[in-house]
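Heads up, the thing below is written out as structure tokens.
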Amino acid sequence: MSKIALIVGAGIGLSAAFARALAADGYKVVLAARNIDKLESLCNEIDAEAISCDASSVDSVAALFASMQQSTGVADVVLYNPSAYTAGAITDLDPELVLNSLMQTAYGAFLVAQQAAIGMKQLGGGALFFTGATASVKGFPNFAPFAMGKFALRGLAQSLARELGPQNIHVAHFIIDGGIASPGRDISSDEVSGNFNDDQLEPDAIAQTYMAVLKQQRSAWTHEVDLRPWVESF
């Protein structure tokens, strides 16, 4: 029987690249997002299932896992990918938008992790991944809400790695330190001319690292890895 992977906050970029890599490795993939219409093409391509979910809602996340268990089964792999981007001077920020940012980026991660851990404990193991950002480790001016959410996400991942690792659940946090290239862009002409300079992270390249971490033997698990273009300062 195929292993099952769930990607929460699925879209057409990084999460789609990871979904394709998982499907190519034999996983049955379930994609969750608020708007699942955008996922129709990807679902057809890799024979995935799409389920509508608001990751910041307790009831919606519980319904996602219940529906998935009935239709597909318990997830061996779960990736939490959503975040909400709110920027501005501290004196100008809308408190409601800040709250939404925290709910999507951090609280939703807790809700998904809680349900994922319940299932993985039943399975006797699994992998729980979180997509972070530069803001996970550095708070920049006018980006306090994003940094708050990503710092919290990183703290959640650290805590769960210590709690769940001994139960054979691999928890990993991925710091994406740089801009992610748009999916489907034509890079062939740059490669031919020799001008291609990798100034953005390619989604497929990120997905390769996710898969490499997923396949690690538990005597040498990675908890956190950062990825950036070679031109990115750090």
Among (1) crowded, with 18+ Cβ neighbours inside 10 Å; (2) over 13 Å from the mean Cα position of the chain (by Cα), the one test that GLY9 misses: (2)
Test: LEU93 is over 20 Å from GLY119 (Cα atoms), out of contact with any helix residue (DSSP H, G or I) (no Cβ under 6 Å at 6 or more places or on another chain) and part of a loop (DSSP other than H, G, I, E, B): yes
THR91 being exposed (fewer than 15 other Cβ atoms within 10 Å of the Cβ), of a type outside the set (D, E, K, R) and without any contact (Cβ under 8 Å) to a residue 60 or more places away in the chain: yes
Set SER15, SER41, SER52: member being under 17 Å from the mean Cα position of the chain (by Cα), more than 27 Å from GLY125 (Cβ to Cβ) and small (Gly, Ala, Ser): SER52
Residue within segment 68-78 that is free of Cβ contacts under 8 Å to residues at least 40 places away in the same chain and surrounded by fewer than 20 Cβ atoms within 10 Å (Cβ to Cβ) present: yes
Selection status of ALA133, surrounded by 15 or more Cβ atoms within 10 Å (Cβ to Cβ) and not β-branched (Val, Ile, Thr): yes
Selection count where residues are under 15 Å from the mean Cα position of the chain (by Cα), closer than 13 Å to ASP76 by Cα and in a helix (DSSP H, G or I), scope segment 111-157: 2
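Here, each number is a calculation from the coordinates, and none is a lab measurement. On a predicted model such as this, the values are computed, not experimentally measured, just so you know. Backbone-built Cβ (ideal geometry, glycine too); neighbour counts: all protein chains shown.
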